[in-house]
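Each value in this text was obtained by applying a stated rule to the coordinates, not by laboratory testing. The structure presented is a predicted model; accordingly, all values stated were derived computationally and were not measured. Cβ atoms come from the backbone with ideal geometry, glycine included; neighbour counts cover every protein chain shown.
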């Protein structure tokens, strides 16, 4: 569905994008209800597409309200469209309210999550209170006519902390983050130096040699296991797989009913099969080490 939606290529194309999404008609309540029923009960993709496209203007309006966070508008709208599709996917028309009312939460949540993950200065927006502070601080500073201030006055800090029910230290810290701006990692460490800040970043990922070695080791272990399993009879393989190779092991009772034997007999077969498996893997590993490489 996402591939069939209009795309905002850049800020300069905003007018043409808005004109394009206005071509999609708004839906009357009865039509919206029937389309939602068709999608929910029949999986009608065309109905879902009409529900999404009829609300693209709502997405654009909400996205424009987040332009003050330094994110490209086309990316905000794109994330909002994702939220809109999630809303349509989960919308239940029988609850009696309009899709727009329900979708607004999903659109805002999708955009806010994108901003929090993308804005490099914000590394603390994880709790509900911190998110609330992040997305309300600019608005409250504007209401206080302190939007251009660097450090907030003690009076402003106290007022914001009280209204948002957060510690004053969090208000001061978040304001410093929002006022600091991003810095490029390509900037030189010093004016007279050739090195850049990114040169000091540590790559925490395994290098290619380590990844290749791990993959090779995993492949060897998988082949040893497969070879050892082939030495078991069918009942032993099934019981061992159900008891030892599943994240949620099957109970002895269930297996006893499936194979028409006692639980104790199932346990004995499991133990015997596991012992045979260990010996087979150990012998195969020794044989591999002793086999000369051609």
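A straight chain from residue 221 to residue 275 at 0.36 nm per residue would run longer than the Cα-Cα distance by 17.7 nm. Listed by Cβ neighbour count within 10 Å, with the fewest neighbours leading, 75, 216 appear as 216, 75. The separation of region 6-70 from region 248-266, counted between C-alpha centres, amounts to 54 Å. Working from label points 7 Å from Cα in the Cα-to-Cβ sense, the residue 41 to residue 57 distance is 2.9 nm. Relative contact order for region 208-290: 36 percent, from Cα pairs under 8 Å spaced at least 6 residues apart, divided by residue count.
With a cut-off of 18 Å on the backbone N, the residues of region 41-68 near the modelled label site 7 Å out from residue 109 along Cα-Cβ are 52, 59, 62-63. Counting other Cβ atoms within 10 Å as a rough exposure proxy, the listed residues 24, 97, 259 run 97, 259, 24 from fewest neighbours to most. Legend: calculated FRET efficiency, residue 287 to residue 245, from the Cβ-Cβ distance at R0 = 25 Å, rounded to 0.05, equals 0.60.
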